[in-house]
Amino acid sequence: MNDAAANPSDSTTPTAPVSAQEEETSILHIGMDLGTSRTAIAASNGARESVFSYVGYPKDVVSRKLLGDEPLYGEAAIKKRLSLNLFRPLEKGVIKGSTEGDASEDTEGNAAAAAALVQYAIRMAKPRPDQLIYAVIGCPAEASITNRTSIINAAKQVVDSVMIASEPFAVAYGLDVLTDALVIDIGAGTTDLCRMHGTMPEPEDQITLAIAGDKIDQLLAKLMKQNHPEVQFSERMITQAKEEHATATGAHEVIVTWPVNGKPTPIDITKEMNEACHSIVPPIVEALGKLVASFDPEFQDVLRNNVILGGGGSRIRGLGNAIESYMAEHLGGGKVNTVEEPVYAGANGALKIARDMPAEYWEQLS
Amino acid sequence: MSNSLTRSLYHLMRGASRPTSLSRLKQRGHKRVSILRYRDIEMLIDTSVENTLSKMGIELSDRDIKGLGAEARVEFLALLHERDSLRETVDDLVTQQEELEANRAVLKERLTETKSELDEEQAAEDEELVEFGEDLTSLEGRISASLRALLSDSATPRDALTARAIELVRAAFDEQREEVANRTRAEQAERVGLLQRRLSKLNKKLEESEAMLARARAAANTSDEDIEEFDMGPAGLKSQDPQFEKKKQVLEEIFKLNVELKSMVDSEGDKKPT
Ligand SMILES: Nc1ncnc2c1ncn2[C@@H]1O[C@H](COP(=O)(O)OP(=O)(O)OP(=O)(O)O)[C@@H](O)[C@H]1O
Ligand SMILES: [Mg+2]
């Protein structure tokens, strides 16, 4: 954005482009964070967009007439879900049905929806028709080979060259952190922990927990049913309340206005919110402890004091402090930094990788 | 089913139906019309729920069946409602987009007009001054000539006086010329300033309407406009990057992993071509 302001382009006075620059804009670099709940892109033309990872196909003749054959994406798809076949193709952080032995899902439908989503995300960057597109796609740290190849398959239909990077690595790279750091990315379906020590993380540097935003929602719903059985609410109301009021400090009062016998009623859910949000702290610190303990003893301290917290879940108020306190209690201390822009941290990092990547590498993969 | 739900259903059904008159129906030879009461729809929904349950061999208490029936009715209404709002939304978006496009066209036209006005004004500035200057110069020449003739005709020609008089005339003219030029310039500057203010306002308006249009297009899912070109500078790792060596190494590793992945994708593609 700031670069755009510094370089106002004046379409009326074209200046002769330097040939290097000309070559430059003939390539569009894109960084993508293909997430369970949200897919974000950042591109070298300044585009930064995100979309909820939903794809909906018109269900019947009537909706097709109204909506056309194009699928709807994101918010629009969620809103019109009654008229659509709705897919959330990355529900467990990877394309559903692409994990070995997982035949229960509508594999083809999900793969097609994932491909459509990747393509839509690329379109959000508004590439010029003549531009070559080089994209780095961040995918979950522990994504299997099959997962990775199916993402590549989805992407290669619309980009000229594509590389996969581990998402937590992309976040760290975006912050110029390549040495002795621990990146925690709290998404919807998974929390990915990744130990960075200067080279590409190995499988033993990564732990993926199936404990993240969705689990908080589930626990919050369970606690609500338990403690306020009279209150009526839906899954979406729970998620919305969390995204608005999430806190792990217990210091903020959380009041929602939800129906009781059909009548909107203010309800104090401070305790429930806090318990649900705090529930992810112990498993995260436990996993963190494992990654620290199995590291070179000389650098364990550095690692403990260089924890980076990202992902949508990192927006829970006071989460960094809660993790620090729990670390102090169980790991003898630690320091946590929360990224500034959780939605774009992965995409920004992926874009940085894409731009730093030597051109000949891109060409070899195209 | 509550009254308000019945009412909104009535509304929606009406909205989805095609009106006609009794006389027209008669003309076409219709003697009887069928009337669909909401109660009938309700019954149909309840019956379909019950039939489906029994077909699937699901046994539920009466209370649960009733609950499902109620759910189905609400869902039915919601669907009907959504269809209605869907049509509206799509229509709205299209009109909005059309309006914005028209508005943008008008703005662009104004902008061009104002720009050419400004150009004219700026060009006129110099022309007018030159014209004025030329007029004054010739007038000055004529007066000087007359003066010279007058004074040299007199019995006692006094060269010094002649020179002095002409000098005075010239000075007066210079002063006048200067003043006129200043006045003209000031007026011009004011007009130019005004035009420039209008231009910048129009530009701002145009920008705003472009942004609104972009939003409308995005919402209507029909956007295909290029976004404004934006230059991040040349790509590639800078050799003065403090972590140059480390990054180079990391990038190479990512590349190598992706070469492996690509070979897998390629061999997969060989196995089952699409
Ligand atoms: N302000 C907020 N406070 C708390 N949680 C939030 C907030 N905003 C978003 N979230 C939660 O963050 C999660 C989404 O995070 P993110 O967008 O990083 O996930 P993702 O990358 O799509 O998922 P994953 O990493 O599992 O693939 C959701 O559970 C969402 O409810
Ligand atoms: Mg994520």
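The values are calculated or read from the model by the stated rules, or taken from the named source; none is laboratory data. Every value quoted in this text rests on a predicted model; they were computed, and no experiment measured them. Cβ coordinates were reconstructed from backbone atoms using ideal geometry, including for glycine residues, and neighbour counts include every protein chain displayed.
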(message) Only one of A:164, A:133, A:137 is under 15 Å from residue A:53 (Cβ atoms) and in a strand (DSSP E or B). Can you tell me which?
(response) A:137
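Test of understanding: among A:183, A:171, which residue is within 13 Å of ligand 2 (Cβ to nearest atom) and either assigned to a helix (DSSP H, G or I) or of a type in the set (Lys, Arg) (or both)? Walk me through how you get there before you give the answer.
Working: A:183 fails: either assigned to a helix (DSSP H, G or I) or of a type in the set (Lys, Arg) (or both).
Selected residue: A:171, the only one of A:183, A:171 that is within 13 Å of ligand 2 (Cβ to nearest atom) and either assigned to a helix (DSSP H, G or I) or of a type in the set (Lys, Arg) (or both).
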(message) What's the number of the only condition in (1) closer than 16 Å to residue A:178 by Cα; (2) more than 12 Å from every other protein chain (Cβ to nearest Cβ); (3) of a type outside the set (Gly, Ala, Ser); (4) touching a Lys or Arg at 6+ places or on another chain (Cβ under 7 Å) that residue A:356 fails to meet?
(response) (2)
(request) Can you tell me which residue among A:299, A:295, A:233 is within 30 Å of residue A:195 (Cβ to Cβ), away from ligand 2 (no atom under 16 Å from the Cβ) and crowded, with 17+ Cβ neighbours inside 10 Å? (result) A:295
(message) Any residue that is more than 25 Å from residue A:169 (Cβ to Cβ) and either away from ligand 2 (no atom under 16 Å from the Cβ) or surrounded by 14 or more Cβ atoms within 10 Å (Cβ to Cβ) (or both) - is there at least one of those in segment A:344-366?
(response) no
(request) Kindly indicate which of A:305, A:348 is under 22 Å from residue A:204 (Cβ atoms), at pLDDT below 95 and in contact with a Lys or Arg (Cβ under 9 Å, 6 or more places away or on another chain). (result) A:305
(message) Can you list residue pairs whose Cβ atoms sit under 9 Å apart, with the first residue in segment A:234-248 being touching a residue at least 40 places away in the same chain (Cβ under 8 Å) and in a loop (DSSP other than H, G, I, E, B) and the second being more than 7 Å from ligand 1 (Cβ to nearest atom) and among the polar types (S, T, N, Q)? Count only pairs 6 or more apart in sequence or on different chains.
(response) A:248/A:274; A:248/A:321
(message) residue A:262 - would you say it is at pLDDT below 95 and away from ligand 2 (no atom under 16 Å from the Cβ)?
(response) yes
(request) Can you work out which of the residues in segment A:156-169 that are more than 10 Å from every other protein chain (Cβ to nearest Cβ) and at pLDDT 90 or above is nearest to the chain's Cα centre (by Cα)? (result) A:159
(message) Go through (1) surrounded by 19 or more Cβ atoms within 10 Å (Cβ to Cβ); (2) more than 14 Å from residue A:291 (Cβ to Cβ) for residue A:160 and report which single condition fails.
(response) (1)
(request) Can you tell me which residue among A:184, A:164 is within 21 Å of residue A:314 (Cα to Cα) and touching a Cys at 6+ places or on another chain (Cβ under 9 Å)? (result) A:184
(request) Looking for whichever is assigned to a strand (DSSP E or B), in contact with a helix residue (DSSP H, G or I) (Cβ under 8 Å, 6 or more places away or on another chain) and surrounded by fewer than 24 Cβ atoms within 10 Å (Cβ to Cβ) here; the options are A:86, A:82. Which one fits? (result) A:86
(request) Name every residue in segment A:79-96 that is aliphatic (A, V, I, L, M) and either within 15 Å of ligand 2 (Cβ to nearest atom) or within 12 Å of another protein chain (Cβ to nearest Cβ) (or both), in order of residue number. (result) A:82, A:84, A:90, A:94, A:95
(message) Give me the residue from segment A:177-202 that is away from ligand 1 (no atom under 16 Å from the Cβ) and at pLDDT 85 or above and, out of that set, surrounded by the most Cβ atoms within 10 Å (Cβ to Cβ).
(response) A:182
